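What follows is a set of notes on a single structure, which appears directly below.
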């Protein structure tokens, strides 16, 4: 569990509107914030009651309905937008993909009569990283667009009382006491605004869905900038895991798990591999697609197969008789 920003809220539970796009609504935002509060202390999972109970493990005030001030129906409706619920532990154990492409999952242990919750760390961390990067991306876009204005002055001041300035020869610089400087014309790959990029791919007969390739690796379908960023992330990945990681990214893209750009998800995959927590999900589907495509290419064309001499002689004879 890398991104812990949501654990800061429990008792006050402010509404973080930026989560709306991934949580599916206001109630989803509140549920997601509270879930991550508990996962900060129990990253491997925890049990929690939906509402007050006479169960020996229940503590007064320690249930979702009490903490969030919402009904059980409201909690379940909100949770279903960001998580998958299993009716029993056996259903959970039998599921190959525990999270089904969602942020969280839960199951009811019928023996102990407790409900356990788990977090899809890689996917949640990647989604939160992407949300946190958006303000910087918007600032970058404004800076780039300002350089394209031929009528602007040599030095453009955003506000008279603000020290933030843009200069044509130095990218953009923050306040005088800040050491952060970024050149808007050449931002580092991992911080580019991939959402504004036009999808261009590198042609390769072995790539799935027109993805690019390099060093015998088959990359997912992505923009050139995304490819650069993913290559940079791959440099820290063991060689034997690189293609598996790329297949997982492409599989998630095809399944619709990745809604915007591939880089935050790729970063989460690389983090999971480094931690030893990476589990295969969508990757085998992509590998199977590639194998089938390769097999079709290797099958001999009927027109290239040698013809039996006797069959060829009889065919010529038949053509000759028809000509007469």
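The values are calculated or read from the model by the stated rules, or taken from the named source; none is laboratory data. These figures come from a predicted structure and were not determined experimentally. Glycine also receives a Cβ, built like all others from the backbone with ideal geometry; neighbour counts cover every protein chain displayed.
Brief remarks on what is shown
- Restricting the range 102-135 to residues that are in contact with a strand residue (DSSP E or B) (Cβ under 9 Å, 6 or more places away or on another chain) and part of a loop (DSSP other than H, G, I, E, B), the residue that is modelled with the lowest pLDDT: 112
- Yes/no for residue 86 being closer than 24 Å to residue 277 by Cβ and at pLDDT 95 or above: yes
- When the range 87-101 is limited to residues that are surrounded by fewer than 19 Cβ atoms within 10 Å (Cβ to Cβ) and in contact with a helix residue (DSSP H, G or I) (Cβ under 9 Å, 6 or more places away or on another chain), the one that is farthest from residue 43 (Cα to Cα) turns out to be 101.
- Selected residue [at pLDDT below 70 and not assigned by TED's automatic domain parsing to the domain that holds residue 244] from 322, 318: 322
- Taking the listed residues 287, 239, the one that is touching a helix residue (DSSP H, G or I) at 6+ places or on another chain (Cβ under 8 Å) and either modelled with pLDDT of 85 or more or farther than 24 Å from residue 22 by Cβ (or both) is 287, with no other qualifying.
- Residues that are in contact with a strand residue (DSSP E or B) (Cβ under 8 Å, 6 or more places away or on another chain) and over 16 Å from residue 112 (Cα atoms) within the range 53-90 comprise 62, 63, 64, 76, 79, 82, 83, 84, 85, listed in sequence order.
- Against the numbered list (1) at pLDDT 95 or above; (2) in a loop (DSSP other than H, G, I, E, B), residue 162 comes up short only at (1).
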